[in-house]
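Encoded as structure tokens, the structure appears first; notes follow it.
Nothing in this text is a laboratory measurement; each read-out follows from the coordinates by a stated rule. As the structure is a prediction and not an experimental result, all values here were calculated from the model. Here the Cβ is made from the backbone with ideal geometry for all residues, glycine too, and neighbour counts use every protein chain on show.
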Amino acid sequence: MSPQRAICIFVGSGFSKAIFQQKLQNEFTEDLLRFPVVQKFLRDELTQLLKQIKDIELVMSHFHNLAYSDQNKDNPNRRQHIRDIIFLRTAIAFYFREKFRALNSEYDKHYKQLIKTYFERSHITKDNVFFVTTNYDLGIEIVIEDLFGFHRILLSR
């Protein structure tokens, strides 16, 4: 009996762009900032920084450095920077929950069956695959749920 193979599927923003038509970088930042719920979470200073830089990863990295760097232990704004990180992550989560309701139709129409067929023909099952993602969005979770059922998502969190 041959050993069972383990498969790692690593997905990034290209996956979400291809399968769900999710916006990338500048377009994503601009779209996020237009979303009404987001405006409730973010301070004006953070919003202005995002508008100017248009790269959420860079802004998030900057705030992580301000909040958690050993050089900034005496930073009087440390708590505010930590709150900014939390609020930005929360805003992104609200954004994606709403956006993916609308993005699912293209996936359902064009890619859902294609992905399922690929997994079946390649003998990729819940027992021999694991997923790694760098995405904020919910795209890979939707695919996993469709392939393996809701319980697989709950077990992986």
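Between K17 and Q80, what FRET efficiency follows from the Cβ-Cβ distance if R0 is 41 Å, with the result rounded to 0.05?
According to the calculation, E is roughly 0.80.
Under a cut-off of 16 Å between alpha-carbon atoms, report the lysines in cross-link reach of K112, not counting same-chain residues fewer than 8 places apart.
The qualifying lysines are K17.
Which value in Å is the Kirkwood Rh of the chain over different Cα pairs?
17.7
How do the peptides 39-51, 116-128, 88-100 rank, highest first, by the average count of neighbouring beta carbon atoms within 10 Å per residue?
88-100, 39-51, 116-128
Taking H as built 1.01 Å from N, whose amide H comes closer than 5 Å to the amide H of F131, not counting residues under 5 places away?
Here I9 satisfy the definition.
Identify all aspartates and glutamates with a Cα-Cα distance to K99 below 13 Å; exclude those on the same chain that are fewer than 8 residues away in sequence.
Output for K99: D31, D137.
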